[in-house]
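Quick notes on the structure that follows.
The values are calculated or read from the model by the stated rules, or taken from the named source; none is laboratory data. Only a predicted model underlies this, so the values are computations on that prediction, with no experimental measurement involved. As a convention, Cβ positions derive from the backbone with ideal geometry for all residues, glycine included, and neighbour counts pool all protein chains shown. Side chains are part of the model used for accessible areas, which takes the heavy atoms of the whole protein and leaves out ligands, DNA and RNA. Shrake-Rupley method; radii C 1.70, N 1.55, O 1.52, S 1.80 Å.
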Amino acid sequence: MKILVVGTGAREHALVRALSLDPAVTALHAAPGNPGIGALATLHAVDQLDGSAVAALATSLAADLVVVGPEAPLVAGVADAVRAVGIPVFGPSAAGARLEGSKAFAKEVMAAAGVPTAEPRVATTIEEAAAGLDAFGAPYVVKDDGLAAGKGVVVTHDRAEALAHAQACLAKPDGRIVIEDYLDGPEISLFVLSDGIDVVPLVPAQDFKRAHDGDEGPNTGGMGAYSPLPWAPADLVDEVVERVARPTIAEMARRGTPFSGVLYVGLALTSSGLKVVEFNARFGDPETQVVLARLETPLAAVLLASATGTLGTLPPLLWRDDAAVTVVIASGGYPGAVRSGDPITGTEDAEALPGVHVLHAGTALQLNAAGDDDDAIDGAHLVSAGGRVLSVVGVGPDLHAARAAAYAGVDQIDLPFSHHRSDIAAAVADVPLV
């Protein structure tokens, strides 16, 4: 198989890495990719939001499969453009991606499908927002209706902060927000693959959204994750498939917009049972980094089955017993205004450690940049070029070992002014795996 992966982040690097380990994959391409992806795939300077350009590239490469990683290209209809030229695509249509592109639409689908979730109120004016906040009370949950790179949600006891976030979201063109009841309890991420009819769940993970230790600071796109979850109910995956995934996929098909790709189900295990926090229409970042580190089944055939309507013919997925932990190294200032152009050293030293691999996100190559020669790539040096810069993944026989490996890798890497959380999976590292 010849595969083209669309995207630039650590999620796409994780996908490319998993595909590179698949004997069935004979050639890997990425558009536009990043320096880490470039070590495994041929990079193409194509705008990932330009469906026509991506489709033309896929055609010129005679690609057997296109994998669209990020949400923005999916919402923009890139998968539709590629399907229109007859090439299988892993990722939903623009109509299907509305499950992520509009939180109000997702709530509408959940209601029609009978999916348990928080009660919502949609607001398009600041007056409606204020009324919604007062109706639910603290803690206040305010969500930007559209895409916000994982940073569109504010959960706070401060009404003024909640109202300010609502105002900022409403100030955007066609601004709309969803205010909803707060869901108590731990959160879980579960990816469910679909071909529009059948569904195949992956393994659960938990990510860490707040910027700083102890779940302090602002929301981010995710600062780390781990899998498996020793505290999760044994029947969790089966319950999510039957109560959430199957009804949602059936409802999308009933509407004439079948959903194929990955349905990311963000869940809360509340005092009144399982409830959906949000849907995404793609793999989550950083959860993908740990989930794919545990997948033993070769990935290419699984993604192709989703793209071609044949998931029902696949044998059960195989998973490693190992645990995985990922820690995100972020640029100074993230998730606000971030630094860029700072030299990154030590990635090769990190990857030389047992059980460690490093996935690139906000990185770039710069000629004659200061840095360790060991980190030079084709005469250039690695520098920061985004908010979340690297994901360091540790794999081990249990969460304690996986966590130790991940942080040993982080300790090898130097990025001036960067920050990372030191408590990823700390609370569960010594809990026995079932």
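For Lys107, list the aspartates and glutamates whose Cα falls under 17 Å from its own Cα; do not include residues on the same chain fewer than 8 positions away.
Glu119, Asp144, Asp145, Glu180, Asp181, Glu251, Glu278
Which one, Gly217, Leu133, Ala205, is farthest towards the positive end of the dipole of the stretch 119-225 when Lys and Arg carry +1 and Asp and Glu -1 on their Cβ?
Selected residue: Gly217.
Projected onto the charge dipole of the stretch 6-131 (+1 at Lys/Arg Cβ, -1 at Asp/Glu Cβ, origin at the Cα centre), which of Ala118, Pro32, Val67 gives the Cα projection farthest towards the positive end?
About the Cα centre, the residue reaching furthest to the positive side is Val67.
How many percent of Cα pairs in the stretch 73-114 exceed 15 Å?
The share of Cα pairs beyond 15 Å in the stretch 73-114 comes to 44 percent.
Taking the C-alpha atoms of the stretch 1-75, how large are the radius of gyration and the largest Cα-Cα span, Dmax, in Å?
11.0, 32
Running a GNM on the chain with Cα contacts under 10 Å, which residue among Asp235, Asp80, Asp64 ends up with the highest mean-square fluctuation?
In the Gaussian network model the winner is Asp235.
Assigning unit charges at the beta carbon (Lys, Arg +1; Asp, Glu -1) and nothing else, what dipole magnitude in debye, to the nearest 20, does the chain show about its Cα centre?
Its charge dipole is roughly 1060 debye.
Taking R0 as 22 Å, what's the FRET efficiency between Ala234 and Ala426 from their Cβ-Cβ distance, rounded to 0.05?
0.40
How big is the convex hull of the Cα atoms of the stretch 196-237, per residue, in Å³?
Once divided by residue count, the hull of the stretch 196-237 is 106 Å³.
Please get the size of the charge dipole for the stretch 21-120, origin at its Cα centre, with Cβ charges of +1 on Lys and Arg and -1 on Asp and Glu, quoted in debye to the nearest 20.
80 debye
Residue separation times 0.36 nm, minus the C-alpha to C-alpha distance between Asp184 and Ser272: what's the value?
Length gained, Asp184 through Ser272: 30.8 nm.
Which log10 I(q)/I(0) values, to two decimals, does the stretch 137-188 give at q = 0.19, 0.23 Å⁻¹ under the Debye formula with one point per Cα?
Summing over Cα pairs of the stretch 137-188 leads to -0.61, -0.85.
Of the residues His360, His420, His13, which exhibits the maximal mean-square fluctuation in a Gaussian network model of the chain defined by a 10 Å Cα contact cut-off?
For the chain, modelled as a Gaussian network with Cα springs under 10 Å, the answer is His420.
Taking all pairs of different Cα atoms in the stretch 18-171, averaging 1/r and flipping that mean, what Kirkwood radius in angstroms comes out?
18.1 Å
Against the 2.2 N^0.38 Å scaling, with N counting residues, where does the stretch 293-434 land? I'd like the Cα-based Rg ratio to two decimal places.
Taking N as the residue count of the stretch 293-434, the ratio is 1.22.
Report D for the stretch 1-44 in µm² per second (integer): Stokes-Einstein, Kirkwood Rh on Cα pairs, 10 °C, 1.306 mPa s.
Stokes-Einstein gives a translational diffusion coefficient of 162 µm²/s.
Which of Ala427, Gly346, Ala364 sits farthest toward the positive end of the charge dipole of the chain, with +1 on the Cβ of Lys and Arg and -1 on the Cβ of Asp and Glu?
Ala364
Normalised radius of gyration for the chain, please: alpha carbon Rg relative to 2.2 N^0.38 Å, two decimal places.
Dividing the Cα Rg of the chain by 2.2 N^0.38 Å gives 0.94.
Ratio to report: Rg/Rh of the stretch 97-183, with Cα atoms as the point set and Rh obtained by the Kirkwood method; give two decimals.
0.94
Using a 1.4 angstrom probe on heavy atoms only, work out the carbon and sulfur share of the accessible area of the chain in %.
53 percent
Kindly report the accessible area of the stretch 92-199 per residue (heavy atoms of protein chains, probe 1.4 Å, no ligands, DNA or RNA), in Å².
41 Å²
Rounded to the nearest 500, what is the chain's calculated 222 nm mean residue ellipticity when only DSSP H runs of at least 4 contribute -39500 (n - 2.57) each, over all residues?
Calculated mean residue ellipticity at 222 nm is -8000 deg cm²/dmol.
Which value, in Å² rounded to 10, gives the accessible area of Trp319 with a 1.4 Å probe and all protein chains present?
60 Å²
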